[in-house]
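Following: one structure in structure tokens, then a few remarks.
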Amino acid sequence: MNKIRYIITFVLSIFLCLSVEAQRQQLGNSRGRSSAGQGSSSPANRSGQPDQGMVSQRSRVQYQKNYMRQSGDSLILDMDIDMSRMDLQTNHAQIITPVIGSSTEEIELPKVMIQGTARNKAFVRELELNDRAYEEFENNLPYAIVKPKGKLNYHITLPFEPWMMDAFLDVEEDLCGCGDQTKIARSRVFEVLTKEVIADPVYQLRPQLVYIQPEVEVIKKRTEIGNAYLDFPRGKNEIFPDFGNNPVELAKIDNMIRTIATNNDITVQGVFMTGYASPESSLKFNTELSRARSESMMRYFMNNSTIPPSLFETHTGGEDWEGLRKLLEDYPLSHKNEIFRLMNTISDLDAREKAISQVGGGNPYKIIYEELYPKLRRVVCEVSYTVKDFSFEEAKENLAIAPQLLSLNEMYIVANTYEVGSPEFLNVFEVARREFPDDPVANLNGASAALAKNNLREAERYLKLADPSTPEYANNMGVFQMLKGNYREAEASLTKAEKAGIQAASYNLRELKKKLANINNRREAGVDENKEGESQPAQRRRIR
């Protein structure tokens, strides 16, 4: 029997020393409840008010107050006992006893036993040999037995009783671990119990966005461009429709011209053919070659389309150095920086081409000649035309099949036939931004549509292309900042928009005020705000 008790005692002590967190969960709550339920309460002020003067300067135990609050029918205490600065000799011990009290009653909570290594061994040995000590220990288990280092989280739940409404928390420190009342110091940790508070759910912002109606486009001018990479027999400039990949390339341009020419809503203003050549050979030869290719292209389509010949025109593009530069930017090639340097510093194009051909022993140039030069030998076809004004029904139909024919104003009119904020409504402004990617109004309205979908990344990109001087921009920027959680910046932008007469900005400022009040309520309730934007049920107060 003694052997079994010895084993149990030894294992229990080691378990308490090494598994503080598990002991906290298992013993803290049960001990707290039993202390309150078994009448361990006694008249308050056993030793009068907390005696601050008796706290040992050498112990240096510190207490971090997390919270002590009422939650329903429970009182919950959470604090950290910091022993990191403690100076406790190996054969000494210190016992900490938290005490919850009021003007009428108080309760001792489970103790924390801080023991040096030698003292812990003696303690275990005493339990082994002394039946009475063992029984007392077993009947009054401590919260934890720890070494004098680091931090210990003290968390316990008690049944709440009416007298606890005005509860405070003191700690009694037995500075010698011997139970001598003259060596017990008492100090106050929590002055008052925090009452239960219900936190509001996360307030979901419902901002109002504004859209600018674009100006009417008096003449709807449009341009479509197609590139034809044609194959020519050596020494020939005439187009052979069945040679190489020409059937495919010519079909692209033919389809573009035919679609425009046969559309009754369109009036062709001009067809422009611009020929380009790659830089090998002399500049003079390449200039003539590009001119001849553009003329061949023009003759081919003049004979194969219904567009009047008078509308055709040719241009000579010469050597396409800009096209080469763009291709090189995305092409993995050695000595690319040296090639760019030569392109930037040598103005004589024949000398430039010769210098590039010698870079890196000629290997980079060989790759450029075989892989990139063929992409420069092309004819660009540009068709300029005007589009008639559409009725509402025509505009709505063309939005789905040929949105490039609509003006921004026509798209705006179509959008406003749908419910504001509906998928159809937002889709129109997304289409408008795609068709007019550089237009400030299209980008401002596109940002509004993105914000309505809470797509902050797209909204930010579009706002950068909008006109920042407009009050509509200020409102939408304020909404963007508000949704990002930058509330100070949001207030500044929205105030600016409000002063400019944007009614939506006034509404959004009220929304911002509600959001800030909600955040303050939840912060006071200790609710985690990391999951901003997610609806959450009301939560109990959590004070830190």
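Listed by chain and number, the aspartates and glutamates whose C-alpha is less than 14 Å from the C-alpha of residue 513, apart from same-chain residues fewer than 8 away, are 489, 491. Here's the list of aspartates and glutamates a cross-link from residue 388 could span, going by alpha-carbon distance under 15 Å and ignoring same-chain residues fewer than 8 apart: 217, 265, 397, 410. Please tell me which of these pairs span more than 26 angstrom C-alpha to C-alpha: 221/453; 221/496; 336/375; 464/514; 220/396? Exceeds cut-off: 221/453; 221/496; 464/514.
Taking the Cα centre of segment 304-454 as reference, the dipole from Cβ charges on Lys and Arg (+1) and Asp and Glu (-1) amounts to some 600 debye.
Around the Cα centre of segment 377-463, unit charges on the Cβ atoms of Lys, Arg, Asp and Glu (plus for the first two, minus for the last two) sum to a dipole of about 440 debye. Using the average count of surrounding beta-carbon atoms within 10 Å as a protection proxy, the listed peptides 93-101, 367-375 rank, highest first, as 93-101, 367-375.
Against the criterion of solvent-accessible heavy-atom surface with a 1.4 angstrom probe, 312, 123 sort, most first, into 123, 312.
The values are calculated or read from the model by the stated rules, or taken from the named source; none is laboratory data. All figures in this text were calculated on a predicted structure; none of them were measured in a lab. Virtual Cβ from ideal backbone geometry, glycine too; neighbours counted across all protein chains shown. Accessible surface areas use protein heavy atoms only, side chains included; no ligands, DNA or RNA. Shrake-Rupley method; radii C 1.70, N 1.55, O 1.52, S 1.80 Å.
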